[in-house]
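The values are calculated or read from the model by the stated rules, or taken from the named source; none is laboratory data. Please read all numbers here as calculations on a predicted model, not as lab measurements. Here Cβ is always computed from backbone atoms with ideal geometry, including for glycine, and neighbour counts include all displayed protein chains. The area values use the complete protein model at the heavy-atom level, side chains included, leaving out ligands, DNA and RNA. Shrake-Rupley method; radii C 1.70, N 1.55, O 1.52, S 1.80 Å.
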Amino acid sequence: MRGNLPEPMRSLLALPCLVLLSAAAPGTPRLALPLACTPGKDCFLQNHVDRDPGPGVRDFRCGAQTYEGHTGTDIRLTDHAARLRGVDVLAAAPGRVVRLRDGEPDVSVRDPAAPPIAGRECGNGVVIDHGGGWETQSCHLARGSIRVKVGQAVAAGQPIARVGLSGNTEYPHLHLTVRQGALTVDPFLPEGGAACSARADGVGLWTPAAAAALAYRSGGAVLNAGFADGPVDNARVEAGGPPRPGRNAPALVAYVRAINLKGGDRPVLTLTGPDGVVLARAEGAPLDRSKAQWLVYAGKRAPPGGWPAGLYQADYAVLRNGQTVLSRRFDLRL
């Protein structure tokens, strides 16, 4: 199948198997935020480039916010509902479109109906030449959403497509690869030499505004939080979350889905009633390994006569070596 693709599409698929690093040089592009979203609010940085040359994983800060052989920066949306509403993918720097592909379906690779993705892992994508051998490649774009053509000049921040679910992905996100010639470059730490640095500032190739927005979160991040009237799973969360419970709900359940937790972390979720009494608490064993995402919920069945009026509060914390590294408080008034 791959051999029958037109040349622009074959070239789009030519991703390096091994991540190599290139030193920044004069004329290096400065990368603006490549999504029309607010990181930490309605989008989150999920994965960095894997800088470990062996079978292990290592991001630019020597953490594990990546996976084996990953060649780009993944910025994910909060859920599939956000994807369906539409989020623009933006040109990260001025340049000219040199390759693109459209027509791949928006379907999770975990869906039994998903087509084979061998040779089409990027899904729908756009490659932009920024001059001096530099280019960016945007992957997993929504089918039919690409707004540019090969040969077209684009400005930094110009919408080029929308976030989709095409190619090798199970959640809606933009995968952005940066290359100089044939080498894949980590935009957070483009210099050659050290594989990672725990003190790296993460500015790299980014503009100051983009670097601040995409600042490294060593404690992970809360992706979704809310209340439900019963048990919660990832499918319900991805669909936009359960409907808001009322006073006659059969149960009251608080839930949180967090990303980039480390092995040994202990997520704790406590649900408190209007009178300050703890209604439910979820506190399991420390995580056995790092988790790209982790859903936890705590709840209680309704008392006779329904839920008393008042403010119900949920407190979420991630404990690491006895210290709180991530927390969120949210509430529901009934």
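Listed by position, the strands (runs of 3 or more DSSP E) inside region 286-334 whose residues that are modelled with pLDDT of 95 or more and at positive phi number at least 3 form an empty set. Just so you know, in region 147-164 the residues that are open to solvent by 40 Å² or more (accessible area, probe 1.4 Å) and either aliphatic (A, V, I, L, M) or part of a strand (DSSP E or B) (or both) include one that is nearest to ARG76 (Cα to Cα), and it is ARG162.
Note on region 216-229: residues that are touching a residue at least 40 places away in the same chain (Cβ under 8 Å) and outside any strand (DSSP E or B) amount to 5. Would you be able to say whether some residue in region 44-67 is surrounded by fewer than 21 Cβ atoms within 10 Å (Cβ to Cβ), modelled with pLDDT of 95 or more, acidic (Asp, Glu) and within 27 Å of LEU326 (Cβ to Cβ)? No, the conditions are met nowhere in region 44-67. The criterion of being under 21 Å from the mean Cα position of the chain (by Cα) and more than 24 Å from CYS43 (Cβ to Cβ) holds for GLY263.
Does at least one position in region 253-260 carry a residue that is open to solvent by 30 Å² or more (accessible area, probe 1.4 Å) and either in contact (Cβ under 8 Å) with a residue 24 or more places away in the chain or assigned to a strand (DSSP E or B) (or both)? No: zero hits.
Has region 272-280 got any residue that is open to solvent by 10 Å² or more (accessible area, probe 1.4 Å), of a type in the set (D, E, K, R) and closer than 29 Å to LEU35 by Cβ? Taking every residue of region 272-280 in turn, none turns out to be open to solvent by 10 Å² or more (accessible area, probe 1.4 Å), of a type in the set (D, E, K, R) and closer than 29 Å to LEU35 by Cβ.
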